[in-house]
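Quick notes on the structure that follows.
Every number in this text was worked out from the coordinates using simple rules, so none of it is lab data. Predicted model only: the values in this text are computed from it and were never measured. In this analysis, Cβ positions are derived from the backbone assuming ideal geometry, glycine residues included, and neighbour counts consider all displayed protein chains.
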Amino acid sequence: MADNHSKEIRSMNMSHIRSTNSKPEEIVRKYLFSKGLRYRKNVRTLPGKPDIVLRKYKTVVFVNGCFWHKHDCGRFVMPASNIEYWTKKINGNIDRDKANTAQLESQGWRVLTIWECQLKKKVADEYLSQLYKSIINKI
Ligand SMILES: [Zn+2]
């Protein structure tokens, strides 16, 4: 009996951990929402399909994975095999990011990026509040 109960709790905890870990963009959205900001998500009509679009502030936010977008934070490690494939793939992502940013900016959007590593528990509050302030133009 007691064991069943603890199993249940354990699996709940596990699913909670999984969902918060696997969806950094959800962390960012929830935070901005709690601050009273309203946004659209994954807007297909804009270059790069931004994760968060705040029309009122003419701002888009990309929530980037450190590996896929080659963040200079030490979390990016080139896989040991298929180096050619990965180099091409990751460089392609970076080129696309640059092109999307340029296009968005030429359409008058401000482009903000928050990285996966900035959403780790220890530092998330600081980076999220920084992001919020940049959105509402206080920095
Ligand atoms: Zn990073």
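Numbers at a glance
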| item | result |
| --- | --- |
| Beta bridge orientation in the stretch 23-135: antiparallel %, DSSP, nearest 5 | 45 percent |
| Two-decimal Rg/Rh across the stretch 81-124, once Rg and the Kirkwood Rh are taken from alpha-carbon atoms | 1.14 |
| Distance in nm between pseudo-label sites at ALA80 and THR113 (7 Å out along the Cβ direction from Cα) | 2.9 nm |
| Rg/Rh for the stretch 43-93, where both radii come from Cα atoms and Rh is the Kirkwood radius | 1.11 |
| Segment SER134-ASP72, extension gain: residue separation times 0.36 nm, minus the distance between their alpha carbons | 20.2 nm |
| Rough spin-label spacing in nm, given labels placed 7 Å along Cα→Cβ, for THR87 and LYS122 | 3.3 nm |
| Kirkwood Rh, angstrom, the stretch 23-139 [1 / mean 1/r, Cα pairs] | 15.0 Å |
